[in-house]
Amino acid sequence: MMRLSSLLAVALILVLASVSVFAEVVNFETCPGTEDTCTIQEVRVNPCPQAEKRQACNIRRRRPTQISFDFVPKFNADQLHITLGWVKSEEEELMLPTLERDACKSTTCPAQNGVKQTYTTDVPIEAKFPLSPYTIRWNIKDPASGKRCCFTIDIKVVR
């Protein structure tokens, strides 16, 4: 008979596998000027049934939304910081202040040149967010060198 700890381990593996199975791969654009410092391989949003039709994900306020992405930095970094902002224009970006800035809490650190990593986090969309479509920019950056991985995705905040 399986021990309780073995059963819990199997249950955890099944839960983690189901999360990755149900997350939708979404369209993204790499930020100009970051192609030489990083490769973004895939971006996933859970939930995002709109991804099948190549549409912006409908993100509900006050409901859990998980975003994860696979990236390959072309640099070494002891620490990584992450920012998420609404791109109003090329010159103006409004940052999401509630996102945890220490990326090492959601991916492996130190980052190694040429080694694939996955960053996963729950994005807090508060009730005060206006209902609207947004282009959001993700930056994961080495604070020492300034080298970064960057991409944008489109979302739509809905009721």
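When the chain is treated as a Gaussian network with alpha carbon springs shorter than 10 Å, the biggest mean-square fluctuation among 26, 87, 43 belongs to 87. Across 114, 85, 146, mean-square fluctuation computed from a Gaussian network of the chain (C-alpha pairs under 10 Å connected) peaks at 146.
Arranged from fewest to most other beta-carbon atoms within 10 Å of their beta carbon, 83, 30 become 30, 83. Residues whose amide H lies under 5 Å from that of residue 59, counting only those 5 or more places away or on a different chain, are 156, 157, 158; hydrogens are built 1.01 Å from N in the peptide plane. Counting Lys and Arg as +1 and Asp and Glu as -1 over every other residue whose Cβ lies under 9 Å from the Cβ of residue 153, the net charge comes to -1.
Non-local lysine pairs in the chain, meaning eight or more places apart or on different chains, with alpha-carbon distances under 20 Å, amount to 12. With neighbour counts taken as other beta-carbon atoms within 10 Å, the residues 137, 62, 101, 159 rank, fewest first, as 159, 62, 101, 137. Taking 141, 74, 88 as the candidate residues, the one with maximal mean-square fluctuation in a Gaussian network model of the chain, Cα springs under 10 Å, is 88. Under 5 Å between amide hydrogens, built in the peptide plane, is the criterion, and for residue 151 it picks out 31, 138 among residues at least 5 positions away or on other chains.
Here the gap between residue 108 and residue 92, fully extended at 0.36 nm per residue and compared with their Cα-Cα distance, gives a gain of 2.7 nm. Taken over region 24-158, the convex hull of the Cα atoms encloses 101 Å³ per residue. For 25, 45, 123, the sequence from fewest to most other C-beta atoms within 10 Å is 25, 123, 45.
Only the coordinates and a few stated rules stand behind these numbers; no lab work does. In this text the structure is predicted, and so the values were computed from the model without any measurement. Positions of Cβ are generated from backbone atoms using ideal geometry, with glycine treated the same way; all protein chains shown enter the neighbour counts.
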